[in-house]
1. Of all helices (runs of 4 or more DSSP H) completely enclosed by region 182-273, which ones contain at least 3 residues that are within 27 Å of residue 122 (Cα to Cα)?
2. Working only within region 28-41, note down all residues that are in a helix (DSSP H, G or I) and either touching a helix residue (DSSP H, G or I) at 6+ places or on another chain (Cβ under 8 Å) or free of Cβ contacts under 8 Å to residues at least 12 places away in the same chain (or both).
3. Considering region 59-76 alone, what residues qualify as being out of contact with any Ser or Thr (no Cβ under 7 Å at 6 or more places or on another chain) and within 30 Å of residue 30 (Cβ to Cβ)?
4. Is it fair to say residue 201 is closer than 30 Å to residue 18 by Cβ, away from the ligand (no atom under 15 Å from the Cβ) and without any contact (Cβ under 8 Å) to a residue 12 or more places away in the chain?
5. Considering only residues that are more than 16 Å from the ligand (Cβ to nearest atom) and touching a residue at least 60 places away in the same chain (Cβ under 8 Å), which ones fall in region 229-252?
6. Can you tell which of 105, 83 is of a type in the set (S, T, N, Q) and at pLDDT 95 or above?
7. Could you please find all residues in region 155-179 being within 16 Å of residue 138 (Cβ to Cβ) and either more than 15 Å from the chain's Cα centre (by Cα) or at pLDDT below 60 (or both)?
8. Using beta carbons and a limit of 6 Å, which pairs, at least six apart or on different chains, have the first residue in region 10-26 and touching a residue at least 60 places away in the same chain (Cβ under 8 Å) and the second one among the charged types (D, E, K, R)?
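The values are calculated or read from the model by the stated rules, or taken from the named source; none is laboratory data. Values in this document were obtained by computation on a predicted structure and should not be read as measured data. All Cβ positions, even for glycine, are placed from backbone atoms using ideal geometry, and neighbour counts span all protein chains on display.
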Amino acid sequence: MLFDTHAHLNFAAFSKNRDKIIKNCQKNNVWLINVGINYETSRKAVEIAEESSQGIYAAIGLHPQEILEERFDFEKYKNLAISSKKVKAIGEIGLDYWHKPKTKSKLAEFKQKQKELLLQEIKLAHELNLPIIFHCRMAHDDLIELLTRPVLVRARTRTGLVPLTLNGVIHCFTGTWQQAQKFLALGFYLGFNGIIFKKIKGISFNEVIKKTPLSRILIETDCPFLTPPQEGDKRNEPIFVKHIVQKIAEIKNISFEKIAKVTTQNAKKLFHI
Ligand SMILES: [Zn+2]
């Protein structure tokens, strides 16, 4: 069995063939989490999970790129989370500096707004005791800074000797090994998808994958995006997560079966499945 920890079958891109793709996942024993980026896609992820018999779960959250389209309503998301036992995470939430304003003052405000939203959503995850699926694009150092702020560290230890755990995964990891080490030290998992087949300046996926312990790796597709090259120009779907497993197996020189088994165990552990 394989576990695609980051899919978007909840997106309109799949409205015509969603049932067929889900059947295909079940036939191939691929479990998955559909991840929301705003209220509507979060609600849809929950609906799909509730309609499915087994192996399909939901994550809900407001993505940083959606900040101009939707105001985050804490109670509304909280109610959605507690409406279904199949909601297994808060996500995808985080920081995204890809499209950014050009002036200095606007840039500072843009980053500040994303961080305020993220802190509210981290609070929600805390309150519900759910792990977090982080989206982080061109913002790894800022995310590390935010996650190590005294206010969050205090929250983690406020129960006395037993630290409150803030669990999660940095999905679609595109940082350096130096940054990866910091996330691993904080206890997070790293999620890898079809982006590992691309060449990105300054990033060595091979190095990060080789050095990251298998016990801290999750696999994902981020479908409909990032189709692995082995599937040509097809739209990405959860069963293609096998190519990520194969690539990690080659880099780590470990069998496909072992990668499949351990990453599935990791997903089940993190998301309490
Ligand atoms: Zn995504």
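1. Counting at least 3 such residues, we get 256-270.
2. 39, 40
3. 59, 62, 63, 64, 65, 66
4. no
5. 239, 242, 245
6. Answer to the check: 83.
7. Matches in region 155-179: 176, 178, 179.
8. Listed by first residue and then by second, the contacts come to 21/237.
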